[in-house]
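*Asks:* Quick one: the structure is below, and I'll ask about it shortly.
The values are calculated or read from the model by the stated rules, or taken from the named source; none is laboratory data. From a predicted model like this one, the values you see are computed outputs, not experimental measurements. Heads up, the Cβs are rebuilt from the backbone with ideal geometry, glycines too, and the neighbour counts pull from every protein chain shown.
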Amino acid sequence: MARPERTAALVPTPHRDARIIWHPAVRPRAVLALGHGAGGGVEARDLVALAAALPPHGVTVALVEQPWRVAGKKLAPAPKTLDAAWAALWPALTAPGPPVVAGGRSAGARVACRTAGELGAAAVLALAFPLHPPGRPERSRAEELTGAAGVLPLLTVQGGNDPFGRPDEFPGGHTPVEVPYGDHGFAVPKRAALTQEAALAVLTSAVTDWLTGLGHARARSGGS
């Protein structure tokens with residue numbers, strides 16, 4: 001069966017229009033909504049890789065562009081503005097019917113963690129979670145991560161050399177999937193022992209397996 005074509009739609013929010021770019025599965029069992037970071041958009045390599053890898057496994061990927069990016073602005077607004085725009089998008093994300101996993105990279109991961117419980121997400125995916133500003137481990141944002149993990153299934157995928165938080169810096173009881181040698185954008189040095197393609201395969205395989213496990217758990221519980 002041919003895979004459905006990608007589509008894009010503008011969605012009103014209290015802070016101008018956002019955009020959802022849909023990468024649909026043929027028979028979706030889940031929707032993964034992914035927000036971008038403060039330093040880039042949905043063209044980030046990890047988001048692009050997941051949008052390509054997941055639909056064949058029954059997961060529709062919805063890449064979400066925040067209003068500030070749609071408007072062509074250079075700087076992200078305050079966290080409460082990002083959260084409000086994300087919340088305004090939620091009805092459009094749930095409209096297709098399958099359960100929605102809230103996710104994102106960097107600042108987008110923070111938005112997902114802060115709002116997932118209130119919005120009724122099925123789980124949370126945090127890519128390149130910015131645990132702290134580079135060189136400032138005392139300014140930890142761990143409470144956002146642990147708050148989400150306390151109420152929902154949570155997967156974090158982190159580059160081994162991420163200056164915003166290496167995997168071994170994360171709080172006890174929370175072990176991220178490590179992409180070896182990866183920086184905050186999951187880029188690996190040319191001299192690394194694995195290629196860029198292999199590094200992204202670590203990420204996509206981990207997310208695919210986790211989402212499959214969530215689906216099996218829902219099936220065992222009767223979908224509740």
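*Asks:* Checking residue 172 against (1) within 18 Å of the chain's Cα centre (by Cα); (2) farther than 22 Å from residue 39 by Cα; (3) surrounded by fewer than 18 Cβ atoms within 10 Å (Cβ to Cβ), which single condition isn't satisfied?
*Replies:* Condition (1) is where residue 172 drops out.
*Asks:* How many of the residues in segment 67-84 are in contact (Cβ under 8 Å) with a residue 60 or more places away in the chain and under 24 Å from residue 141 (Cα atoms)? Please lay out each step first, then the result.
*Replies:* Let us first name the residues in segment 67-84 that are in contact (Cβ under 8 Å) with a residue 60 or more places away in the chain, namely 70, 77, 81, 84.
Next, only the ones that are under 24 Å from residue 141 (Cα atoms) stay: 77, 81, 84.
Here the count works out to 3.
*Asks:* Same structure again: Considering segment 179-217 alone, what residues qualify as being over 15 Å from residue 154 (Cα atoms), part of a helix (DSSP H, G or I) and modelled with pLDDT under 95?
*Replies:* Within segment 179-217, the subset over 15 Å from residue 154 (Cα atoms) is 179-202, 204-205, 216.
Cutting the leftovers down to part of a helix (DSSP H, G or I) gives us 196-202, 204-205, 216.
The one that is over 15 Å from residue 154 (Cα atoms), part of a helix (DSSP H, G or I) and modelled with pLDDT under 95: 216.
*Asks:* Considering only residues that are over 19 Å from residue 124 (Cβ atoms) and over 16 Å from the mean Cα position of the chain (by Cα), look in segment 19-53 and name the one that is surrounded by the fewest Cβ atoms within 10 Å (Cβ to Cβ).
*Replies:* 27
*Asks:* Going through 114, 105 one at a time, which residue ends up being touching a helix residue (DSSP H, G or I) at 6+ places or on another chain (Cβ under 9 Å), charged (D, E, K, R) and without any contact (Cβ under 8 Å) to a residue 40 or more places away in the chain?
*Replies:* Numbers: 105 fails: without any contact (Cβ under 8 Å) to a residue 40 or more places away in the chain.
After applying the criteria, what remains is 114.
*Asks:* Next question. Taking segment 103-119 as the search range and keeping residues that are among the small types (Gly, Ala, Ser) and touching a Phe, Trp or Tyr at 6+ places or on another chain (Cβ under 8 Å), which one is surrounded by the most Cβ atoms within 10 Å (Cβ to Cβ)?
*Replies:* Our first condition is that a residue be among the small types (Gly, Ala, Ser); within segment 103-119, this holds for 103-104, 106-109, 112, 116-117.
In the following step, the residues that additionally are touching a Phe, Trp or Tyr at 6+ places or on another chain (Cβ under 8 Å) were identified as 106, 109, 112.
Details: 106: 24, 109: 29, 112: 32.
Among them, the one singled out is 112.
*Asks:* Let me ask something else about it. Condition check: free of Cβ contacts under 8 Å to residues at least 60 places away in the same chain and among the aliphatic types (A, V, I, L, M). Does residue 87 satisfy that? Before the answer, list the steps.
*Replies:* On the way: free of Cβ contacts under 8 Å to residues at least 60 places away in the same chain: yes; among the aliphatic types (A, V, I, L, M): yes.
Yes: the conditions hold for residue 87.
*Asks:* State the number of residues belonging to segment 54-84 that are within 16 Å of the chain's Cα centre (by Cα) and either buried (at least 18 other Cβ atoms within 10 Å of the Cβ) or outside any helix (DSSP H, G or I) (or both).
*Replies:* Count: 11.
*Asks:* Being farther than 18 Å from residue 38 by Cα, within 15 Å of the chain's Cα centre (by Cα) and of a type outside the set (A, V, I, L, M, F, W, C) is the filter here, so list the residues in segment 118-155 that pass it.
*Replies:* 153
*Asks:* From the residues in segment 1-31 that are among the basic types (Lys, Arg) and within 14 Å of residue 98 (Cα to Cα), which one is modelled with the lowest pLDDT? Talk me through it step by step, then tell me what you get.
*Replies:* We begin by selecting, within segment 1-31, every residue among the basic types (Lys, Arg); these are 3, 6, 16, 19, 27, 29.
Subsequent filtering for residues that are within 14 Å of residue 98 (Cα to Cα) retains 27, 29.
Numbers: 27: 93, 29: 96.
Top of the filtered list is 27.
*Asks:* I would also like to ask the following. Please identify the pairs in which a residue from segment 12-40 that is more than 17 Å from residue 94 (Cβ to Cβ) has its Cβ atom under 9 Å from the Cβ atom of a residue that is among the aromatic types (Phe, Trp, Tyr), counting only partners at least 6 apart or on another chain.
*Replies:* Every condition considered, the pairs that remain are 15/68; 16/68.
*Asks:* Within segment 37-50, is even one residue modelled with pLDDT of 95 or more, in a helix (DSSP H, G or I), basic (Lys, Arg) and out of contact with any Gly (no Cβ under 8 Å at 6 or more places or on another chain)?
*Replies:* No; the residues of segment 37-50 include none that is modelled with pLDDT of 95 or more, in a helix (DSSP H, G or I), basic (Lys, Arg) and out of contact with any Gly (no Cβ under 8 Å at 6 or more places or on another chain).
*Asks:* Would you check if residue 96 is touching a strand residue (DSSP E or B) at 6+ places or on another chain (Cβ under 7 Å) and surrounded by fewer than 17 Cβ atoms within 10 Å (Cβ to Cβ)? Give the steps one after another, and end with the answer.
*Replies:* On the way: touching a strand residue (DSSP E or B) at 6+ places or on another chain (Cβ under 7 Å): yes; surrounded by fewer than 17 Cβ atoms within 10 Å (Cβ to Cβ): yes.
The answer is yes for residue 96.
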